[in-house]
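Chemist: Dropping the structure in here first, questions after.
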Amino acid sequence: MTAGPSPFSALRIGPLALRNRFIKSATNEGMAKGGVPSKLLANWHGRLAAGGVALTTVAYCAISPDGRTFVDQVTLDEASLPDLRALTEAVHHEGGAVSAQITHGGCFTFIPELTTPRPLSASGGFNKVGIMSGRFLRRAMDEADMERIAGEFAAAAQRARAAGFDAVEIHMGHGYLLSQFLSPLYNKRRDAYGGSVENRARFPAQVLRRVLDAVGRDLAVLCKLSITDGVAGGNTAEDGAAIARIVEREGAHMLVLSAGMNIESITTMFGSSFPKENRGRPANPVIAVAMFIQSLTEPKDVVFKELYLLEHARKIRAAVTMPLAYLGGVESLANVQQALGEGFDAVAMGRALIFDADLVNKFQSHEVEKSGCIRCNRCVTMMYTPGGTSCVLHEPNDAGLNAVPARAVDVV
């Protein structure tokens with residue numbers, strides 16, 4: 001391992017220049033009631049930029065109403081543009097850059113109405129997510145569906161540009177639509193879009209190509225990938241490396257490395273178990289049942305370790321030369337320096353920045369060397385509460401992030 005670049009040195013991603021190597025990873029915020037981006041959401045991302053983050057990512061911006069997983073999610077349509085412009089202006093005012101994570105949920109959806117009788121996916125048949133949503137069957141997309149949805153991704157990227165975003169992140173992980181094509185857990189096709197890794201990646205690659213053609217000269221185009229599905233029968237890290245080579249071949253400006261699936265392997269994603277009790281219990285009974293069913297499939301007592309995805313991520317680094325953002329268990333300045341020393345170009349952080357939006361500035365001033373986040377994962381379900389995503393160890397301030405320690409919070 002070499003010393004690597006300074007975490008506080010500038011970085012270029014395609015047409016975008018970043019002030020340092022820190023990215024706020026996309027973590028669903030729960031601050032878009034009825035799909036309308038709120039002032040709270042704008043302040044939340046502005047606060048992250050003020051805290052030193054170079055690029056903050058607005059989580060799950062659906063490319064169409066059907067692409068949402070929940071009703072209270074941003075849809076990148078014309079109606080959302082004024083509110084999203086306020087958000088991007090808040091980030092730019094603090095010297096940061098901002099990315100829109102553009103996504104379609106496929107058969108992973110809990111919205112009450114769709115324009116199709118069954119949710120779309122790579123393959124048809126039984127929809128295991130439908131045990132939670134009541135949609136027990138999914139429909140395999142045909143080439144006309146693929147053409148339409150690829151166009152919706154491109155149009156959403158163009159609207160992101162119009163709203164002032166500096167980048168878009170195409171979500172290819174965690175069990176959403178593009179991941180459903182990539183993963184053999186969901187993709188059982190026998191045509192040119194199924195079977196081999198090359199075939200399973202064909203439609204996601206088409207989406208990437210369309211987005212690059214639409215905005216790639218003006219915006220950085222990132223892709224978020226589950227390196228491994230983290231479950232038997234799913235993609236391995238070797239499959240992830242093969243997919244990364246395809247993404248590099250198509251010309252993406254950066255790959256953000258994640259892992260796991262929302263239903264099958266969420267502990268792979270977060271690197272630790274979820275608590276039985278949670279301060280932010282969802283009021284929606286469908287979501288509550290979904291969480292309970294999902295918990296039954298997860299391994300128990302998974303103990304967090306720093307840089308928990310590094311072994312998998314090294315295989316991606318060895319496979320491609322394109323810029324990579326390491327994600328997974330970055331807690332300290334030493335972790336950041338190690339990731340950069342191993343050849344990653346940036347680090348993406350979630351929980352540590354929800355705990356302390358000023359963490360990057362504190363790292364730079366050496367006020368702190370390590371985050372105080374205890375990885376209890378309770379912030380994950382806080383997105384379902386009226387105030388949206390926040391750390392249960394703090395009382396949220398009017399920017400939606402953390403100001404002062406909470407007086408009485410059970411963190412066991």
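The values are calculated or read from the model by the stated rules, or taken from the named source; none is laboratory data. Note that this is a predicted model, so its numbers are computed, not measured. Methodologically, a virtual Cβ is constructed for each residue, glycine included, from the backbone with ideal geometry; neighbour enumeration extends over all protein chains shown. Heavy atoms of the whole protein, side chains included, go into the accessibility calculation; ligands, DNA and RNA do not. Shrake-Rupley method; radii C 1.70, N 1.55, O 1.52, S 1.80 Å.
Chemist: How about region 102-117: which of its residues are over 16 Å from Val129 (Cα atoms) and without any contact (Cβ under 8 Å) to a residue 24 or more places away in the chain? Spell out how you get there, then give the answer.
Modeler: Within region 102-117, the first condition is being over 16 Å from Val129 (Cα atoms), and the residues that meet it are 102-103, 115-116.
Result: no residue meets the conditions.
Chemist: Residues of region 371-412 being in contact with a strand residue (DSSP E or B) (Cβ under 9 Å, 6 or more places away or on another chain), assigned to a loop (DSSP other than H, G, I, E, B) and modelled with pLDDT under 55, which ones?
Modeler: Asn397, Ala406, Arg407, Val409 - these are the residues of region 371-412 that are in contact with a strand residue (DSSP E or B) (Cβ under 9 Å, 6 or more places away or on another chain), assigned to a loop (DSSP other than H, G, I, E, B) and modelled with pLDDT under 55.
Chemist: Collect the residues in region 118-152 that are open to solvent by 10 Å² or more (accessible area, probe 1.4 Å), touching a residue at least 24 places away in the same chain (Cβ under 8 Å), assigned to a helix (DSSP H, G or I) and of a type outside the set (Ser, Thr, Tyr), keeping them in residue-number order.
Modeler: Within region 118-152, Ile131, Met132, Asp145, Gly151, Glu152 qualify.
Residue-by-condition table, conditions (1) surrounded by fewer than 17 Cβ atoms within 10 Å (Cβ to Cβ); (2) among the aliphatic types (A, V, I, L, M); (3) closer than 20 Å to Ser6 by Cα:
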| site | (1), (2), (3) |
| --- | --- |
| Leu307 | no, yes, yes |
| Leu310 | no, yes, yes |
| Met322 | no, yes, yes |
| Tyr326 | no, no, yes |
| Gln364 | yes, no, yes |
| Arg378 | no, no, no |
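Chemist: Say whether the condition of being open to solvent by 10 Å² or more (accessible area, probe 1.4 Å), closer than 23 Å to Ser365 by Cβ and at pLDDT 95 or above is met by at least one residue in region 62-76.
Modeler: For region 62-76, residues open to solvent by 10 Å² or more (accessible area, probe 1.4 Å), closer than 23 Å to Ser365 by Cβ and at pLDDT 95 or above: absent.
Chemist: Which one of the conditions (1) touching a helix residue (DSSP H, G or I) at 6+ places or on another chain (Cβ under 7 Å); (2) open to solvent by less than 10 Å² (accessible area, probe 1.4 Å) does Leu177 fail to meet, given that it meets all the rest?
Modeler: (1)
Chemist: I would also like to ask the following. Can you find a residue in region 38-51 that is open to solvent by less than 50 Å² (accessible area, probe 1.4 Å), among the aromatic types (Phe, Trp, Tyr), at pLDDT 95 or above and at positive phi?
Modeler: no
Chemist: While we're here: What number of residues within region 202-254 are in a loop (DSSP other than H, G, I, E, B) and surrounded by 18 or more Cβ atoms within 10 Å (Cβ to Cβ)?
Modeler: Of region 202-254, the ones in a loop (DSSP other than H, G, I, E, B) are 216-219, 227-236, 251-253.
Adding the requirement that they be surrounded by 18 or more Cβ atoms within 10 Å (Cβ to Cβ) leaves 216, 219, 227-230, 234-235, 252-253.
Of the residues in region 202-254, 10 are in a loop (DSSP other than H, G, I, E, B) and surrounded by 18 or more Cβ atoms within 10 Å (Cβ to Cβ).
Chemist: In addition: When Ala348 is evaluated against the numbered criteria (1) free of Cβ contacts under 8 Å to residues at least 40 places away in the same chain; (2) under 20 Å from the mean Cα position of the chain (by Cα), which criterion, by number, is the only one it fails?
Modeler: With (1) free of Cβ contacts under 8 Å to residues at least 40 places away in the same chain; (2) under 20 Å from the mean Cα position of the chain (by Cα) applied to Ala348, the lone miss is (1).
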